[in-house]
Amino acid sequence: MLRHAGRDRARELQPRPATRPLKILFIGDITGSPGRRIVADRLADIVQAREVDLVIANGENAASGFGITPRLAEELFAAGIEVITGGNHIWDRREILDYIPQHPRLLRPANFPASNPGAGLYIGTARNSTPYAVLNLQGRVFMSSNDCPFRAADREIARIPSEVRVIFVDFHAETTSEKEAMGWYLDGRVSAVIGTHTHVATADEKVMPGGTAYITDAGMTGPHHGVIGMDKAGVLRRFLDGLPARFEVASGDVQMNTVLLDVDETTGRARAIERLRFRSD
């Protein structure tokens with residue numbers, strides 16, 4: 001008995017192999033056909049090379065820079081994106097209204113009116129069998145007046161089963177201050193708070209003290225030879241004259257701006273966050 005117990009104790013003392021962290025790739029606002037094209041061309045290779053377990057993307061600008069259609073949502077899902085988040089342009093294409101209630105992997109902000117179709121929270125299972133949740137929220141500063149995103153976060157997080165430890169938040173907001181406030185508010189309660197909407201990647205990525213990965217904005221996936229994805233001619237006319245101008249998606253310098261997260265699948269705490277930028281070949 002003693003010899004047997006000693007062998008068991010020796011096995012306990014041996015170092016256990018470290019588990020590989022869950023790897024989440026988030027793709028910043030996909031804008032127009034250039035953004036969709038680089039995702040289709042590059043995503044599969046990135047997933048393989050980086051051993052990605054879960055791909056999430058903001059797709060509210062996929063349709064010519066404004067909104068998303070059912071066909072384009074299916075195109076992005078087919079490219080390897082598991083969950084698509086939205087924002088203030090999610091309703092720009094009327095045909096999405098009937099599609100979104102039937103396709104829970106396409107989200108709209110959870111703090112939109114409850115009468116809106118669709119939902120702002122999705123719970124699924126990653127490729128390595130880890131359960132996860134994705135929460136989509138929208139800010140209120142310089143944005144449409146919606147329910148408080150902080151209280152909405154409390155409400156939606158309370159709905160997530162306790163066994164789901166990995167929680168990803170896309171906070172679609174205008175100001176750095178509101179995004180940073182959300183990061184601190186949710187630190188230790190979610191795995192990541194990733195900002196979207198401004199289309200300009202920021203250099204403030206970090207893992208907060210409670211284990212929440214944070215960045216103010218992941219940037220844009222699309223053409224950067226313009227103004228936040230739009231052809232500069234129309235934008236300049238609007239600024240110079242103040243008259244209505246038609247905005248068209250720009251071309252040139254197509255980039256795929258992303259963040260890669262390493263998350264402990266047992267605790268949900270982020271281990272690392274890395275900005276990654278890919279250019280079209």
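Given H placed on each backbone N at 1.01 Å, which residues far from Glu174 in sequence or on other chains put an amide H within less than 5 Å of it?
For Glu174, the qualifying residues are Gly139, Val141.
Using mean Cβ contacts within 10 Å as the protection proxy, how do 186-194, 38-46, 94-102 order, highest first?
Working: 186-194: 23.4, 38-46: 17.9, 94-102: 14.8.
Taking the mean over residues of other Cβ atoms within 10 Å, the ranking is 186-194, 38-46, 94-102.
If you take the beta carbon distance between Phe66 and Asp41 as r and set R0 to 30 Å, what does 1/(1 + (r/R0)^6) give as a FRET efficiency, to the nearest 0.05?
For R0 = 30 Å, the calculated efficiency reads 0.85.
Charges only on Cβ, +1 for Lys and Arg, -1 for Asp and Glu: so what's the dipole of region 183-251 about the Cα centre, in debye to the nearest 20? Mind showing how you got there, number by number?
On the way: 6 positive and 7 negative charges, 31 e Å.
Magnitude of the dipole: close to 140 debye.
Sum up the charges of everything whose Cβ sits under 13 Å from the Cβ of Ala270, counting Lys and Arg as +1 and Asp and Glu as -1, but leave Ala270 out. All intermediate terms of the calculation are to be shown ahead of the outcome.
On the way: positive: Lys23, Arg165, Arg189, Lys206, Arg269, Arg271; negative: Asp187, Glu205, Asp262, Asp264, Glu265, Glu274.
Every neighbour counted, the sum reads 0.
Pop a pseudo-label 7 angstrom from the Cα along the beta-carbon direction at both Val141 and Thr176 and give the gap in nm to one decimal.
1.1
When percent of Cα pairs over 32 Å apart is calculated directly from the model, which label among [x] 24; [y] 42; [z] 14 fits?
Checked against the structure: label [x].
On the accessible surface of region 102-197, probed at 1.4 Å, how many percent belong to carbon and sulfur atoms? Please report the intermediate quantities before stating the final value.
Details: 1970 of 3980 Å².
The C+S portion of the solvent-accessible surface of region 102-197 is 49 percent.
Going 7 Å from the Cα of Phe150 along its beta-carbon direction, which residues of region 163-206 have the amide nitrogen within less than 12 Å of the resulting point?
Residues passing the 12 Å test: 178-186.
Name the residues whose placed amide hydrogens come within less than 5 Å of the amide hydrogen of Met220, ignoring near sequence neighbours (fewer than 5 apart) on the same chain.
Under 5 Å from the amide H of Met220 lie the amide H atoms of Ala201, Asn257, each far enough along the sequence or on another chain.
Using Cα springs under 10 Å in a Gaussian network model of the chain, which residue among Asp217, Asp154, Asp29 shows the largest mean-square fluctuation?
Asp154
So, R0 is 35 Å and r is the distance between the beta-carbons of Ser115 and Ala49; what FRET efficiency does that work out to, to 0.05?
0.20
Just how large is the dipole of the chain about the Cα centre, in debye to the nearest 20, putting +1 at every Lys and Arg Cβ and -1 at every Asp and Glu Cβ?
It works out to roughly 680 debye.
The values are calculated or read from the model by the stated rules, or taken from the named source; none is laboratory data. Every value quoted in this text rests on a predicted model; they were computed, and no experiment measured them. All Cβ positions, glycine included, derive from the backbone under ideal geometry; neighbour counts span all protein chains shown. Accessible surface areas use protein heavy atoms only, side chains included; no ligands, DNA or RNA. Shrake-Rupley method; radii C 1.70, N 1.55, O 1.52, S 1.80 Å.
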